[in-house]
1. Being under 20 Å from E227 (Cα atoms) and of a type in the set (D, E): is that true of E136 here?
2. Residue by residue through the range 97-127, note down the ones that are of a type in the set (A, V, I, L, M, F, W, C) and either surrounded by fewer than 17 Cβ atoms within 10 Å (Cβ to Cβ) or closer than 27 Å to I236 by Cβ (or both).
3. Scanning the range 1-35 for residues that are of a type in the set (V, I, T) and outside any helix (DSSP H, G or I), which turns out nearest to the chain's Cα centre (by Cα)?
4. Which condition number does P214 fail, the rest of (1) surrounded by 14 or more Cβ atoms within 10 Å (Cβ to Cβ); (2) in contact with a helix residue (DSSP H, G or I) (Cβ under 7 Å, 6 or more places away or on another chain) being met?
5. Select from the range 164-194 the residues that are under 25 Å from L82 (Cβ atoms), surrounded by fewer than 17 Cβ atoms within 10 Å (Cβ to Cβ) and touching a Phe, Trp or Tyr at 6+ places or on another chain (Cβ under 9 Å) and list them in ascending order.
6. Quick test of your reading of the structure: P70 fulfils all but one of (1) part of a loop (DSSP other than H, G, I, E, B); (2) surrounded by 13 or more Cβ atoms within 10 Å (Cβ to Cβ). Name the failing condition by number.
7. Being hydrophobic (A, V, I, L, M, F, W, C), touching a helix residue (DSSP H, G or I) at 6+ places or on another chain (Cβ under 6 Å) and part of a helix (DSSP H, G or I) is the filter here; which residues of the range 80-110 pass it?
Amino acid sequence: MSVAMPRTLDEVEDAMKTYVAAEFLAQPFFQTLSAGAWDRQFLQYFAAQYAHYSAHFPRILGAAIAAMEPCDAWWIPLADNLWDEAGRGRPGASHACLYRTFWASVDPSVTGWYEDMSRWPPISSAVRGAVDAFLEFFRSARPLEAMAAVGLGSEFFAGEVMGAIAQGLRHPAYQREGVIDTTFWDVHAQHDEPRHYALCRDVLLDYATEDAWPHLLAIGKEIAHTEANMYRGLFIQSGLAR
């Protein structure tokens, strides 16, 4: 049976919702997290590995900005996102500072060496693959493709995914050695990601033609797939997959 091609952004978003439900929320990483099945070792491993992904995200946004048209309507929405990464200039409010509160609640030793990235555990192949795929895409992406990669391939569903992680981390089984601070995840899920996607969405609506939507949907799925594979890879490395 043939699949109808999307003709509007609303139809693209519906298709992405279905894709994300299957690719992310239904996979064992999220299912075991929400069931309280992770051990402390994997909690700490995940915290360390996502620290790498979060630390690289400003580079990803910078690469996307470099692929934009040289006019305000294209690059300012992504620059606004990047400014959020910097805490909008407020001391101690950067996402790096915010992430430390989460990581330290899982592994208190982090407070002694967080600022020295040379002491972080090595980045895993799962995280490196996701970062490299994002950066490589922007090397040859046209502006609308780059906006779809950030908007549909990340920001559109990031709030839902990060909200699921926050909810899972609040499972009572994970609080036995100290309460886990989910502020980093909650801020993204409840505020930052919906706003970031709204900015990208405006650009997509202004510049995409009807015949472009199938291609932009394919890009959204392609980029989302690389992040979904990151979680799959981390889960396999957890030992819980056996």
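1. yes
2. C97, F102, W103, A104, V106, V110, W113, M117, W120, I123, A126, V127, listed by residue number.
3. Only one residue fits best here, namely T8.
4. So P214 meets the others, but not (2).
5. Hit for the range 164-194 is T183, nothing else.
6. Result: P70 passes all but (2).
7. Once the filter is applied, which keeps residues that are hydrophobic (A, V, I, L, M, F, W, C), touching a helix residue (DSSP H, G or I) at 6+ places or on another chain (Cβ under 6 Å) and part of a helix (DSSP H, G or I), the range 80-110 yields L82, L98, F102, W103, A104, V106, V110.
Values quoted throughout were computed directly from the atomic coordinates according to the rules given, and no laboratory measurement underlies them. These numbers come from a predicted model, not from an experiment. All Cβ positions, glycine included, derive from the backbone under ideal geometry; neighbour counts span all protein chains shown.
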